[in-house]
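The values are calculated or read from the model by the stated rules, or taken from the named source; none is laboratory data. These numbers come from a predicted model, not from an experiment. Using ideal geometry, Cβ is built from the backbone for each residue, glycine included, and neighbour counts are taken over all protein chains shown. Side chains included, ligands, DNA and RNA excluded: accessible areas come from the protein's heavy atoms. Shrake-Rupley method; radii C 1.70, N 1.55, O 1.52, S 1.80 Å.
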Amino acid sequence: MMRRLYNFAGGVRLKEHKRESTSSPVGRTQLPQKIILPLHQHIGVPAKPIVNAGERVLKGQVVAEAGNNISAPIHASTSGTVLAIEDHPIAHPSGLPARCIIIKTDGKDEAAGGYGAPCDTSALTQEQLNAAIKQAGIVGLGGAGFPTYLKLANEAKKITTLILNGVECEPYITCDQMLMRGHSADIVRGLVIMQRALGIKRAIIAIENNKPKELELMQEAIYEAGTPDMELVQVPTVYPAGGEKQLIQTLTGKEVPSQGLPMDIGIVCHNVGTTYAIYRAIAFNEPLISRYITIAGSVAKAQVLDVLIGTPVSHLIEQCGGNRKTLSRVIMGGPMMGFALHDDEAPVVKTTNCILVNSVISDVPLPSRSNFSLPCIRCGACADACPVGLLPQQLYWYARARDFDKVQDYNLFDCIECGCCDYVCPSQIPLVQYYRYAKTAIWQQENEKTLSDISRQRHEFHKFRQEREKQERELRHKQKRQAVDGASTQDNKKAAIQAAMERVRRKREHSDVTPKNIDNLTEQQQKLIEEADARRKKKLEELKPEKITINTSGRESE
Amino acid sequence: MKLNTPASPHVHGDTTVRKMMLRVLLALIPAIIAYSWFFGWGLLINATIAVVTALGCEYLMLKLRERPVNFFLTDGSVVVTAVLLAFCIPPLAPWWLTVLGAAFAVIVAKHLYGGLGYNPFNPAMAGYVVLLISFPRDMSIWLPPFILSELDFSLPATLNAVFLGVFPTGYTLDALSAATPLDLIKTQLSIDVTIAETKSAHAIFGDFGGIGWEWIGNWIFLGGVWLIYKKVISWHIPAAVLGSLFTVALIFYLKDADHYASPMFHVFSGAAMLGAFFIATDPVSAATTPMGRIVYGIGIGILTYVIRVWGGYPDGIGFAVLLMNLAAPTIDYYTQPRVYGHKRS
């Protein structure tokens with residue numbers, strides 16, 4: 001029975017450029033001299049290194065453990081010696097370096113114990129499967145890099161449908177296609193493991209209709225595996241059909257709620273690469289240390305390579321016959337959503353699916369945007385192309401005006417940055433850049449607001465504390481006073497004064513010292529005192545107010 | 001080694017504003033040929049005057065506003081404005097009328113509002129309406145079809161008429177001119193002549209509209225359909241303009257065919273076809289959401305009918321477009337499409 005498909009709005013048809021890299025079989029990379037493993041290759045917190053510089057590590061050995069519950073461990077891709085744990089250029093749009101474990105390879109490719117040993121998967125329980133997937137460091141290989149075990153937890157039984165994404169809609173990228181071509185049976189086995197981990201039966205495998213060969217191979221693999229719960233669906237070739245939200249819409253007609261997750265509508269999506277990695281991890285105890293990557297563009301031989309995670313991009317470019325000296329632009333990912341690298345020494349990571357090379361000599365036929373853009377003429381081509389149903393022209397208008405309230409009214413945060421609007425814009429306006437700018441500015445404003453909220457709360461608590469302490473102090477004083485007051489009545493007071501006077505009197509009587517006060521003065525002393533008093537009096541007389549003349553009528557007399 | 005790091009997307013489609021404008025001009029060529037076939041050289045002369053004036057004004061304004069001149073001058077938008085304006089000016093109108101209209105369109109309606117992309121009103125229609133209000137007589141002297149070819153009114157003779165106001169001996173502009181079908185029906189109705197009587201008494205009526213005019217309408221329609229096919233314009237506005245004009249005309253026609261012209265007559269007369277496909281679809285001043293475009297188009301269709309039938313002018317497209325231009329931002333605001341993942345309301 002054919003599944004009814006639902007078209008998502010908009011989208012664009014792009015030149016595929018996939019034939020170049022799929023005409024030859026998947027190659028292996030030569031071992032690079034250095035492996036650079038960034039600690040942050042996934043969504044969540046960075047991994048924590050558990051090796052030290054100088055230490056020898058083996059292939060498959062954990063070199064950094066998961067930072068917390070939303071994180072993934074990192075394994076050495078080959079054997080060698082840890083050179084350093086330091087900042088190194090990584091693949092990030094910002095171009096900022098980040099902490100990496102740098103391993104000098106020794107060429108022996110010596111594996112850690114148990115690596116590659118076949119295991120019996122059928123006995124494992126749901127929890128054991130999930131723990132093994134977590135320990136293997138598997139994250140979403142489609143691009144986002146969300147730790148996979150989190151998307152396979154289904155204790156609440158909310159997830160009912162598993163979608164396997166083999167769409168790969170961006171031009172040039174072919175790693176998933178080649179994986180399906182070479183390992184269709186393993187992908188189906190991996191899918192069975194995922195079904196077991198989730199405790200569900202229903203799975204849909206989606207492949208774009210520009211890959212008939214892979215579709216057939218997958219069909220055979222499903223047939224041979226005897227898994228009738230898997231439904232293979234051919235989806236139309238429109239960019240971005242492989243976007244998670246668009247794929248869900250195409251297959252089910254349902255929409256992921258705004259700001260929500262597919263899980264909210266009982267669906268979970270996984271990439272075919274992830275599924276293959278899960279199969280290798282569970283069946284052969286192989287953690288995620290390599291993946292398929294397409295190298296295309298201005299290279300002598302565009303192809304898909306099986307690449308060790310941590311291999312420098314420059315190493316791959318050279319292996320495919322690219323000239324490092326003439327590079328003009330290196331894009332990690334596809335031409336629509338990939339980002340340009342600042343440094344080709346950056347290593348490939350778990351989420352890298354494509355390296356697209358541009359050189360100054362023979363630029364890949366990428367009709368790129370001109371440097372100037374005309375004003376928006378409100379033609380609405382962007383709105384027609386937007387797969388989310390936004391009004392990109394309005395978003396642009398308000399983003400440019402820095403009207404961040406309005407831009408959110410027009411649902412800026414539903415933008416998936418697929419680049420369709422930008423691609424079709426006749427004025428060649430870098431629309432996506434404006435949206436990124438607006439998003440960043442809004443996040444920054446919100447951060448600042450949070451910070452000021454925190455400091456306001458702090459200030460208010462400070463005031464409250466001062467007030468509280470004052471009250472406490474007063475209360476204490478009052479209690480003390482009451483304690484004193486309560487002990488003495490009026491009579492007691494008098495008696496106490498009497499007793500005190502009595503004590504002084506007795507002390508004086510018994511004392512040998514004659515007090516030097518005015519009680520017992522000699523005549524001479526008395527006289528001196530009187531003289532002094534007279535002088536003082538005289539002085540006071542001189543200072544009497546009537547003797548001081550103040551001319552208050554000076555002005556009038558003139 | 002320094003790598004370039006532009007932001008994604010790294011590829012771009014091949015549509016440009018210039019290409020869109022060129023396609024609009026291409027789509028107008030059949031209609032221009034048909035127009036010249038029926039009414040002589042006038043349109044081509046007017047169009048040339050308008051284009052030269054408009055380019056000159058554009059250059060001047062770009063200089064004054066310190067904008068990159070070549071970059072904007074070659075985008076083609078000003079040429080489209082000029083040609084559309086020329087379509088709305090009578091074939092033998094004096095040259096200064098066209099110059100004035102084109103200058104107003106470019107200087108005031110376009111550049112004083114901020115240039116390409118910022119003008120709230122359709123510049124061609126603003127220029128047209130200014131001429132229509134200021135020089136109603138000059139703007140309403142139209143020609144009957146074929147009169148110039150019958151009289152052997154050659155290109156030099158037409159140039160003489162346009163630039164010098166000199167006509168061949170024995171002819172005056174008034175003698176040459178004739179009312180357009182829309183105008184004729186309107187004036188005849190005002191003296192209680194029914195539409196059927198008017199049509200049988202005058203030889204200018206064809207199958208739907210006026211002889212000649214309906215053919216020009218056909219070619220404009222084909223050009224417009226080609227523009228929709230090429231995705232330069234969307235179908236919403238033309239369909240809404242013509243659909244609403246047709247529907248409203250049909251209602252009144254069915255009620256009283258003696259006093260209300262047929263819907264086909266309305267659709268094929270005056271500037272309805274040109275307005276629906278080429279003028280109302282000016283993206284800058286039109287509504288931009290799919291639903292909004294339909295509302296905007298319906299507004300133009302209804303207003304056109306109202307002005308034609310009950311207003312003071314024989315045709316109403318120009319006013320209808322400008323009035324709906326005013327409403328476009330509001331229409332856009334209230335017709336935002338539902339965004340993915342948001343509740344259906």
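A few remarks follow.
- Applying the condition of being among the β-branched types (Val, Ile, Thr) and part of a helix (DSSP H, G or I) to the stretch A:204-249 and asking which residue is nearest to the other protein chains (Cβ to nearest Cβ) yields A:Ile248.
- Test: residue in the stretch A:207-226 that is among the basic types (Lys, Arg) and under 24 Å from A:Glu155 (Cα atoms): no
Table: residues versus (1) at the interface with another protein chain (Cβ under 7 Å from one of its Cβ atoms); (2) of a type in the set (Gly, Ala, Ser); (3) surrounded by 17 or more Cβ atoms within 10 Å (Cβ to Cβ); (4) assigned to a helix (DSSP H, G or I).
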position: A:Ile377; (1), (2), (3), (4): yes, no, yes, no
position: A:Gly389; (1), (2), (3), (4): yes, yes, yes, no
position: A:Tyr396; (1), (2), (3), (4): no, no, yes, yes
position: A:Gln408; (1), (2), (3), (4): no, no, no, yes
position: A:Cys421; (1), (2), (3), (4): no, no, yes, yes
position: A:Gln428; (1), (2), (3), (4): yes, no, yes, no
position: A:Tyr434; (1), (2), (3), (4): no, no, yes, yes
position: A:Lys449; (1), (2), (3), (4): no, no, no, yes
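- If the condition is being of a type in the set (Ser, Thr, Tyr) and open to solvent by less than 40 Å² (accessible area, probe 1.4 Å), then the stretch A:40-89 contributes A:Ser71, A:Ser77, A:Thr78, A:Ser79.
- Within the stretch B:152-198, tally of residues that are modelled with pLDDT under 80, within 26 Å of the chain's Cα centre (by Cα) and open to solvent by 70 Å² or more (accessible area, probe 1.4 Å): 1
- Selection within the stretch A:90-113 - open to solvent by 40 Å² or more (accessible area, probe 1.4 Å) and either at positive phi or of a type in the set (S, T, N, Q) (or both): A:Ser94, A:Gly107, A:Asp109
- Test for A:Asp453: is it more than 14 Å from chain B (Cβ to nearest Cβ) and over 30 Å from B:Lys230 (Cα atoms): yes
- Applying the condition of being in contact (Cβ under 8 Å) with a residue 60 or more places away in the chain and at the interface with chain B (Cβ under 8 Å from one of its Cβ atoms) to the stretch A:341-357 and asking which residue is most open to solvent (accessible area, probe 1.4 Å) yields A:His342.
- Residue satisfying condition, being more than 20 Å from B:Asp183 (Cα to Cα), part of a helix (DSSP H, G or I) and open to solvent by less than 40 Å² (accessible area, probe 1.4 Å), within set B:Phe277, B:Phe265: B:Phe277
- Residue list for the stretch A:1-39, restricted to those being more than 14 Å from chain B (Cβ to nearest Cβ) and β-branched (Val, Ile, Thr): A:Thr22, A:Val26, A:Thr29, A:Ile35, A:Ile36
- Counting only helices (runs of 4 or more DSSP H) wholly contained in the stretch B:1-115, the ones carrying 1 or more residues that are within 17 Å of the chain's Cα centre (by Cα) and surrounded by fewer than 21 Cβ atoms within 10 Å (Cβ to Cβ) occupy B:17-39, B:42-64, B:95-103.
- Helices (runs of 4 or more DSSP H) enclosed by the stretch B:121-182 - at least 1 residues per element that are aromatic (Phe, Trp, Tyr) and touching a residue at least 40 places away in the same chain (Cβ under 8 Å): B:123-134
- Look at (1) closer than 28 Å to B:Thr74 by Cα; (2) modelled with pLDDT of 90 or more and you find that B:Pro91 fails only one, number (2).
- Summed over the stretch B:295-345, the residues that are within 13 Å of chain A (Cβ to nearest Cβ), part of a helix (DSSP H, G or I) and open to solvent by 70 Å² or more (accessible area, probe 1.4 Å) give a count of 3.
- The condition (being at pLDDT 95 or above and open to solvent by 50 Å² or more (accessible area, probe 1.4 Å)) is satisfied by just one residue among B:Phe246, B:Phe208: B:Phe246.
- Options A:Glu20, A:Glu16: the member that is closer than 30 Å to A:Cys425 by Cα and not in a loop (DSSP other than H, G, I, E, B): A:Glu20
- Members of the stretch A:262-292 that are hydroxyl-bearing (Ser, Thr, Tyr) and open to solvent by 20 Å² or more (accessible area, probe 1.4 Å): A:Tyr276, A:Tyr279, A:Ser290, A:Tyr292
- Evaluating A:Gly143 against the criteria (1) buried (at least 17 other Cβ atoms within 10 Å of the Cβ); (2) at pLDDT 85 or above; (3) farther than 15 Å from A:Gly199 by Cα leaves one unmet condition, (2).
- Looking only at the stretch A:250-261, and only at residues there that are in contact (Cβ under 8 Å) with a residue 60 or more places away in the chain, within 14 Å of another protein chain (Cβ to nearest Cβ) and under 28 Å from A:Pro171 (Cβ atoms), the one that is surrounded by the fewest Cβ atoms within 10 Å (Cβ to Cβ): A:Gly253
- Applying the set (1) away from every other protein chain (no Cβ under 11 Å); (2) modelled with pLDDT of 90 or more; (3) open to solvent by less than 30 Å² (accessible area, probe 1.4 Å) to A:His315 leaves exactly one unmet item: (3).
- In summary, B:Phe221 fulfils each of the numbered conditions (1) at pLDDT 85 or above; (2) within 19 Å of B:Tyr260 (Cβ to Cβ) with the single exception of condition (2).
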